[in-house]
1. Looking at (1) open to solvent by less than 30 Å² (accessible area, probe 1.4 Å); (2) on the phi < 0 side of the Ramachandran plot, which is the one condition that is false for G265?
2. Out of A168, A176, A151, A221, which single residue is without any contact (Cβ under 8 Å) to a residue 40 or more places away in the chain, in contact with a helix residue (DSSP H, G or I) (Cβ under 6 Å, 6 or more places away or on another chain), of a type in the set (A, V, I, L, M) and part of a helix (DSSP H, G or I)?
3. Regarding A182, is this residue crowded, with 22+ Cβ neighbours inside 10 Å, among the small types (G, A, S), out of contact with any His (no Cβ under 8 Å at 6 or more places or on another chain) and in a helix (DSSP H, G or I)?
4. If I filter region 197-215 for residues that are under 30 Å from L134 (Cα atoms) and without any contact (Cβ under 8 Å) to a residue 24 or more places away in the chain, do I get at least one hit?
5. In region 11-28, is there at least one residue being surrounded by fewer than 19 Cβ atoms within 10 Å (Cβ to Cβ), closer than 21 Å to F146 by Cβ and not acidic (D, E)?
6. Give me the helices (runs of 4 or more DSSP H) completely within region 69-137, filtered to those with at least 2 residues that are at pLDDT below 95 and open to solvent by 60 Å² or more (accessible area, probe 1.4 Å), ordered by residue number.
7. Please work out which residue is least open to solvent (accessible area, probe 1.4 Å), limiting yourself to region 32-60 and to residues that are in a helix (DSSP H, G or I) and aliphatic (A, V, I, L, M).
8. For region 207-217, what are the residues that are of a type outside the set (S, T, Y) and surrounded by fewer than 16 Cβ atoms within 10 Å (Cβ to Cβ)?
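The values are calculated or read from the model by the stated rules, or taken from the named source; none is laboratory data. Fair warning: this is a prediction, and the values are worked out from it, not measured in the lab. Don't worry about glycine lacking a Cβ; one is built from the backbone with ideal geometry, like all the others, and counts go over all protein chains shown. Calculation scope for accessible area: heavy atoms of the full protein, side chains included, ligands and nucleic acids excluded. Shrake-Rupley method; radii C 1.70, N 1.55, O 1.52, S 1.80 Å.
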Amino acid sequence: MQAKGVSMNSKVALVLGAVKGLGRGVGLALAREGVRLVLTRHDWLDSFEEMERQFRETGVEFEIVDVNLLDPDGVAGLARTIEDRFGRLDILVNNIERGGWPAVHGRYVREQWDLEMATTLRAKRWVFDAVFPLLKRSRDGVVVNFSSIAAVVGRSGCAAPLFNDGYAAANRGVSALTETWARMGAPNVRVNEIMLGVFETRHAQGTRGWEEVLTDDEKRAIVARTLVGRTGQIDDAVKALLFVVRDAPYMTGSVIRLDGGFVLGNDPVPPMPQGVV
C-alpha cells in the first residue's frame with residue numbers, strides 16, 4: 001500500500017522573497033495545496049501588483065508583509081504579525097539570497113561582500129530564530145533552506161562567471177545551519193536544504209547576468225556541463241520542495257542537490273578495460 005503524503009490543508013507557511021521568481025512559484029504551489037500564507041517582499045516594486053493579483057486568485061488566506069529581512073527589528077515584527085494573524089506557523093521556506101556575479105559586479109568591494117553574507121546567510125538565521133517558537137508549537141513543523149551549488153563548485157570552471165567567493169562561502173554556511181537547526185528542532189521540527197544548480201531567475205534565464213552579460217559560449221558551456229542538458233526551472237524546485245514538506249516525514253538534516261548533474265559534470269565514462277590478469 002502506498003503511503004499518503006501529509007495533508008497541508010489549512011497549515012500556515014512563511015515564504016520569504018515571494019514577490020517574484022522562485023519564491024512566488026513556491027508560494028503559489030503551497031496555495032494550491034490549501035496552505036495559508038505569509039509572504040514577504042521588499043524590492044522589485046514593479047512586481048507588487050502582479051504578485052497580489054496572483055495570490056488573490058488562489059482563494060487562500062494570505063498576508064503580505066513588506067519587510068527588510070536584513071533588519072532584526074523588522075524580522076521580529078514579522079514573527080509578531082504571524083502570531084497575531086494566524087497564531088501558528090507550520091512551514092518556513094527560507095528563500096532569501098544575494099548572489100553577486102563576478103561577470104556582473106567585477107572585483108569585490110566591501111559593501112558587495114557584506115551584502116552577500118548578510119542576505120544569503122545572516123537573514124536566514126535571524127528569521128529562523130524569530131519564528132522557531134511558533135514552529136515548535138506546531139509539533140509538525142518543516143523548514144526548507146534554499147541554497148546554491150556555489151557551496152560546492154565555488155568560483156571555478158564554467159561556473160566562475162556566476163558565483164562570487166563570498167556567495168559560495170555563505171552557501172556552505174547554510175548547510176551548517178541546516179544541520180544545527182535539525183538538531184534543535186528534533187523531533188517535532190524537520191529542517192532540510194535544497195541546494196539549487198543554475199536555475200531560471202537564479203543565475204540563468206530571467207537574470208541580468210544571463211540575459212545581458214554572459215556570452216553565448218559561456219551559456220553553452222554551463223548547459224553542456226549539466227547532465228540533463230538544460231538549466232533548472234521553477235517547477236523543478238517546487239516539486240522538490242513539495243516532496244520535502246509533504247512526502248518525506250523521515251527526512252531531516254539532509255541536503256538535496258537539485259542541479260541536473262552540474263556538480264558531477266560531463267566527463268566521459270570510458271568502457272571497462274580488459275585488464276592484464
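1. Going through the list (1) open to solvent by less than 30 Å² (accessible area, probe 1.4 Å); (2) on the phi < 0 side of the Ramachandran plot, G265 breaks only (2).
2. A168
3. Values: crowded, with 22+ Cβ neighbours inside 10 Å: no; among the small types (G, A, S): yes; out of contact with any His (no Cβ under 8 Å at 6 or more places or on another chain): yes; in a helix (DSSP H, G or I): yes.
Answer is no for this residue.
4. Checked against the condition, which is being under 30 Å from L134 (Cα atoms) and without any contact (Cβ under 8 Å) to a residue 24 or more places away in the chain, region 197-215 yields no hits at all.
5. Filtering region 11-28 down to residues surrounded by fewer than 19 Cβ atoms within 10 Å (Cβ to Cβ) leaves 20.
Then drop every residue that is not closer than 21 Å to F146 by Cβ, which leaves 20.
Of the ones still in play, those that are also not acidic (D, E) are 20.
Yes, region 11-28 contains at least one residue that is surrounded by fewer than 19 Cβ atoms within 10 Å (Cβ to Cβ), closer than 21 Å to F146 by Cβ and not acidic (D, E).
6. Values: elements: 72-85, 102-105, 110-117.
Those helices (runs of 4 or more DSSP H) span 110-117.
7. M51
8. R208, E211, E212, V213, D216, D217
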